[in-house]
């Protein structure tokens, strides 16, 4: 043991003595402030992107938006929406999948004017007058998988969570509304 101690002292004596400068790191408050600022910047960038996508279809009429100006949902093949609405429902679907272990079931999305005419012919008063539907603006979805009925766990979850993503089941489509359509959800419009 004495030999090891002597060897250690010899090594220490051989090393240069120097000072170590200690630079303090950021305080917890500074870290929190930096994170909050980064979050604000990200939210501002996302809002700017959403606004840009919304504006990109403004020159088209209801039901006249070309599919090249719309975005397909990754979890619902063939279903198209205005890109800002699609982006937000993709985020909503991620939260839904975490809650239910499955994707949101989409039965209908963007409707061309011709599709609106066909839907009106088959569904009568339940369908909007062609050229006035939010489906024609790429801002509406019809849903299934438990979301087509009031009172289900899926419907209740959506009513509680979808508004945080800009989606809602409008007042007129809710139980007691002018048309009972629990399956109909709209983006970026007042309930």
TODO: Read through the labelled values [x] 1.37; [y] 1.02; [z] 1.39 and report the label of the one computed as Rg/Rh (Cα atoms, Kirkwood Rh) from the structure.
DONE: [z]
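Let me have the relative contact order for the range 52-187, percent, based on Cα pairs under 8 Å that are six or more residues apart.
On the way: 228 pairs, mean separation 30.1, N = 136.
Dividing the mean separation by the residue count of the range 52-187 yields 22 percent.
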Task: Per-residue [θ]222 nm for the chain (sum of -39500 (n - 2.57) over DSSP H runs n ≥ 4, rounded to 500) - done: -13500 deg cm²/dmol
Open item on the list: I'd like the distance separating the alpha-carbon centroids of the range 91-140 and the range 28-53, in whole Å.
Closed with: 31
Open item on the list: If packing is taken as the average number of other Cβ atoms within 10 Å across a peptide's residues, how do 34-45, 68-79, 102-113 rank, most packed first?
Closed with: 102-113, 68-79, 34-45
Open item on the list: Give me log10 I(q)/I(0) at q = 0.13, 0.17, 0.21 Å⁻¹ for the range 117-165, Debye formula, one equal scatterer per alpha-carbon, no solvent.
Closed with: -0.42, -0.67, -0.86
- [ ] For residue 172 and residue 115, compute 0.36 nm times the residue count separating them, minus their Cα-Cα distance, and round to one decimal in nm.
- [x] 18.3 nm
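Values in this text are rule-based calculations from the coordinates and carry no lab data. Computed from a prediction, not measured in an experiment: that's the story for all the values here. Using ideal geometry, Cβ is built from the backbone for each residue, glycine included, and neighbour counts are taken over all protein chains shown.
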